[in-house]
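Notes for the one structure printed next.
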Amino acid sequence: MTNIIYHDWIVEISCDPDHREETQVCWEAAGPDVHLMAEVNRALETLAPLEQDIIHLYYYSGRSLMQIAREFHKPLKRIEAIHHQALLKLKQKLTPFVHDRFDVPFEIVRNCPVCDSLYKDQIDRLIAKKKEGETWREIIRILKSRYNIFIKTPQILIGHQKYH
């Protein structure tokens, strides 16, 4: 049986470790939700290896982000950023399942000017043509003049390219 250590919104499958004595019904008594566990595992598999490691160490092993940062020899801020990004990806992957399974309403909010554009496919092709070492200046100019999309920093396009 998989153990998930209580932290924020995740509780050990068998029962909440902080309230074991008070808990009348544990997950173990009802049996694990195999379908739910399979969906979570599928979503975890879509993460990058480092993101998977951080999620497993933090939620399944109960390590702090500081401990994980020390273990990976990375700055705490970097581990926090990777953790946050992994949670966003998991939320995006699991939202449709949670909606279908538990009838929880949701709205996908991207806040990405490229994803929100009617010309997304054309813009994606334009971004894909960018050569390594070439600046984003020309693409930003084309987006402004041709598609009426105002991009202030290349990081928006880099983020779109990397995560969308």
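The values are calculated or read from the model by the stated rules, or taken from the named source; none is laboratory data. Computed from a prediction, not measured in an experiment: that's the story for all the values here. Ideal geometry is used to build each Cβ from the backbone, glycine not excepted, and the neighbour counts take in all protein chains shown.
Data for the structure
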{"quantity": "Residue list for region 38-55, restricted to those being surrounded by 13 or more Cβ atoms within 10 Å (Cβ to Cβ) and either aliphatic (A, V, I, L, M) or free of Cβ contacts under 8 Å to residues at least 40 places away in the same chain (or both)", "calculated": "Val40, Ala43, Leu44, Leu47, Leu50, Glu51, Gln52, Asp53, Ile54, Ile55"}
{"quantity": "Region 117-146 residues that are surrounded by 13 or more Cβ atoms within 10 Å (Cβ to Cβ), paired with ones that are polar (S, T, N, Q) and outside any helix (DSSP H, G or I) (beta carbon under 8 Å, 6 or more apart)", "calculated": "Ile123/Ser117"}
{"quantity": "Unmet criterion (only one of (1) at pLDDT below 90; (2) of a type in the set (S, T, N, Q); (3) exposed (fewer than 14 other Cβ atoms within 10 Å of the Cβ)) for Gln92", "calculated": "(3)"}
{"quantity": "Set Arg101, Arg70, Arg78: member being touching a residue at least 60 places away in the same chain (Cβ under 8 Å) and on the phi < 0 side of the Ramachandran plot", "calculated": "Arg101"}
